[in-house]
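The values are calculated or read from the model by the stated rules, or taken from the named source; none is laboratory data. Bear in mind the structure is a predicted one, so any value in this text is a computation, not a measurement. Note: ideal-geometry Cβ built from the backbone for every residue, glycine included; neighbour counts use all protein chains shown. Just so you know, the surface numbers come from the protein's heavy atoms only, side chains and all, with ligands and any DNA or RNA stripped out. Shrake-Rupley method; radii C 1.70, N 1.55, O 1.52, S 1.80 Å.
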Amino acid sequence: MFGTYRTLLALMVVTFHIGRVPIIGEYAVFGFYTLSGYLMTLIMQKNYHYTLSGTGKYALNRFLRIYPLYWISIVMSLALIAGLGEEATRAYHHAIFLPDTLANWLKNILLIFPSGSLPRLTPPAWALTVELFYYICIGLGLSRYRWLVFVWLSAGVGYHIVTYLAGMEFSYRYYPIEAASLPFATGALIYHYKDRIDAWLSRTLGSYSGSVSYLVFGMVIINWYTGVKTGHSHGISFYINYVLCVMMVMLLMSRTTLPFISRRFDKWMGDLSYPIYLIHYQVALFVIVVLQWTGTHLTRPDNLLMAVSIPIIMLVSLLLAKTVELPVEGVRSMVKKWR
C-alpha cells in the first residue's frame, strides 16, 4: 500500500518547486530513497533471486520503468523550448535549455547527471541518477545479505556525521550519491527485518497500524513546519523526517488496505506518482503561458500557479499513465515471465 504515499511525496515536490512552500520537496526525496531501498531489495530477493538471468530481467524492467516516460518528459521540454525560446525557459528554470555538446545530449538522454550538471531538460532528473546508481548496486547484490547492508548503512551514517561535524553545507548531505546511502540502506535493512517488524507491529498496534500511518504522515508535515519556523529545516528536522519516512515504510509494507483507501484506489494513485515527478515543471510553464493569454501574469514560484497547475498535472499524469505506463507495464510483466 505504497501508492498513495508515493503520490503524496511527489505532490510535496510539486509544492516545493512550483509554489512558495519551502524545503518540503527535499524531505520528500529522502522519503522516495528510503522506499526505493526497501522495494528494490524486496523484488531482487523475491522475484529475481540474484541469478544471471534474474539480474538481467531486473535491469530490463528498471529500464522500462524509468526511461520511456522520462524521454517523453524531455520531449515536452524540447517542445516548450521550441515554442517559447531558450530565454523564456531559462528564465523559468535555469536548467531548461538545449544541450550544446554531444556529451550533454547523452547525459540528458541516458539520465546521467553529475551533481549540478546542466542543462537538465527535466530538472528534477538529478535525483533519478541517484536512484539509478543504487538500483544498479542493489541488482549487483549490495543489499543481498544483512551483514552487507549493515556495512552499507554504517558508511551512510558515517558520511552524514562527517559532513555535519565538518560544517559542510546541507547540499553535501542531500545531493551527492553518497548522501543517499543513508535512506537507501535503511530501506534495504527494513526488508531484512520485515518479519520481525511485522510481528512487533501486530503485537503493539494490531489492526490500528493503518490508522497510525496517517498520524505519522501528519507528523511529517508538522515536523517540516516546525523546522521552517525554528530554522532547523536542514538540521534536526531533516533527520526527524528521515526517521518518520522509515516509519512510514514499516507501517505500510504489509498493508493491503488502509482506512478510507482501497487497494484499487491506492494502485491508481501510485500510478500517477512518477509522471507527476517528471512533468510538473513543464505543465506549470504551459499554465503560465495560457494564463498570460488571459491577462494573468505569474512567475514561479507562486501559490496561485501551484493551485491552478496541480489539477492539470494530475490530469496529464493520468493520461500518461494510461497511454504510456500501462502498455509498458504489460511488457514488463512479460519480461518477468521470460525463462
Exercise for the section: Could you tell me whether residue 53 is open to solvent by 30 Å² or more (accessible area, probe 1.4 Å), within 30 Å of residue 187 (Cα to Cα), in contact with a helix residue (DSSP H, G or I) (Cβ under 8 Å, 6 or more places away or on another chain) and modelled with pLDDT under 95? Expected result: no
Completion exercise
Filtering region 122-178 down to residues that are of a type in the set (Gly, Ala, Ser) and farther than 23 Å from residue 111 by Cβ yields 154, 155, 158, 166, 167
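Yes or no, residue by residue, for (1) part of a helix (DSSP H, G or I); (2) open to solvent by less than 70 Å² (accessible area, probe 1.4 Å):
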residue	(1), (2)
100	no, no
107	yes, yes
115	no, no
125	yes, yes
128	yes, yes
143	no, yes
149	yes, yes
152	yes, yes
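Take residue 78 and decide whether it is within 18 Å of the chain's Cα centre (by Cα) and either part of a helix (DSSP H, G or I) or under 23 Å from residue 307 (Cβ atoms) (or both).
Details: within 18 Å of the chain's Cα centre (by Cα): no; either part of a helix (DSSP H, G or I) or under 23 Å from residue 307 (Cβ atoms) (or both): yes.
Against the criterion (within 18 Å of the chain's Cα centre (by Cα) and either part of a helix (DSSP H, G or I) or under 23 Å from residue 307 (Cβ atoms) (or both)), residue 78 does not qualify.
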Problem - Test: residue in region 167-184 that is aliphatic (A, V, I, L, M), open to solvent by 60 Å² or more (accessible area, probe 1.4 Å) and either at pLDDT 95 or above or at negative phi (or both) - result: yes
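Going through region 236-295 one residue at a time, which ones are charged (D, E, K, R) and within 19 Å of the chain's Cα centre (by Cα)?
Filtering region 236-295 for residues charged (D, E, K, R) gives 255, 263-264, 266-267, 271.
Result: 266, 267, 271.
So that you can scan it fast, the table gives a plain yes or no per residue for (1) closer than 19 Å to residue 242 by Cβ; (2) free of Cβ contacts under 8 Å to residues at least 12 places away in the same chain:
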site	(1), (2)
18	no, no
24	yes, no
49	no, yes
80	no, no
92	no, no
106	no, yes
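Would you tally the residues in region 2-59 being in a helix (DSSP H, G or I), within 18 Å of the chain's Cα centre (by Cα) and of a type outside the set (Phe, Trp, Tyr)?
29
Would you confirm, using the coordinates I've provided, whether residue 199 is buried (at least 20 other Cβ atoms within 10 Å of the Cβ) and of a type in the set (A, V, I, L, M, F, W, C)?
On the way: buried (at least 20 other Cβ atoms within 10 Å of the Cβ): no; of a type in the set (A, V, I, L, M, F, W, C): yes.
Here the answer is no, as residue 199 does not meet what is asked.
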